[in-house]
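The values are calculated or read from the model by the stated rules, or taken from the named source; none is laboratory data. The model shown is predicted, which means the values in this text are computed figures rather than measured ones. Note that we place each Cβ from the backbone using ideal geometry, even for glycine, and neighbour counts take in every protein chain shown. These accessible areas exclude ligands, DNA and RNA; they are computed on the full protein's heavy atoms, side chains included. Shrake-Rupley method; radii C 1.70, N 1.55, O 1.52, S 1.80 Å.
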Amino acid sequence: MHELSIAMQIVDSVVNTLEDQRGARVAAVSIRVGAMSGVIPEALGFAWDVATQGSPLAGAALRIDHIPAAVHCPSCEREIEIAGYKMRCPVCDTPTPRIVRGRELDILSLELHDDTPAQAAADH
């Protein structure tokens, strides 16, 4: 399951990004996963729980934005979503080798909570 190594890379990237954010706790990590990225979102969600155990991201939610695959059809001259790996335009059946969307695997954003003593006092 390569999703575990992907989850661990996301954890490492977020931890490295937050080195200067002392006292900040990650509540959620939002990512974008394309339909043709080779990543199974459900498996990545399961792997996330394992990858974050014992890390500063333990307990943080993983929010996944699913991106459908799309190609550029040279005949229709437009971007068209496709299902699966069928590399043909669903409108005119022309072969469409140019993928324009669906291979993404990006960290989009982090939701942080400030757990510094000053913030904790203000919360009470």
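For this structure, a couple of remarks:
- You will find that of ASP12, ASP65, the residue that is without any contact (Cβ under 8 Å) to a residue 40 or more places away in the chain and among the charged types (D, E, K, R) is ASP12 and no other.
- Of the strands (runs of 3 or more DSSP E) that lie entirely inside segment 55-110, those containing 2 or more residues that are open to solvent by 40 Å² or more (accessible area, probe 1.4 Å) span 61-67, 78-81, 99-101.
- Within segment 82-109, the only residue that satisfies the criterion of being of a type in the set (Asp, Glu) and more than 28 Å from GLN9 (Cβ to Cβ) is ASP93.
- Filter pass, GLU3 being open to solvent by less than 70 Å² (accessible area, probe 1.4 Å) and out of contact with any strand residue (DSSP E or B) (no Cβ under 7 Å at 6 or more places or on another chain): yes
- Tallying residues that are more than 13 Å from the chain's Cα centre (by Cα) and either loosely packed, with under 14 Cβ neighbours inside 10 Å or aromatic (Phe, Trp, Tyr) (or both) within segment 18-42 yields 6.
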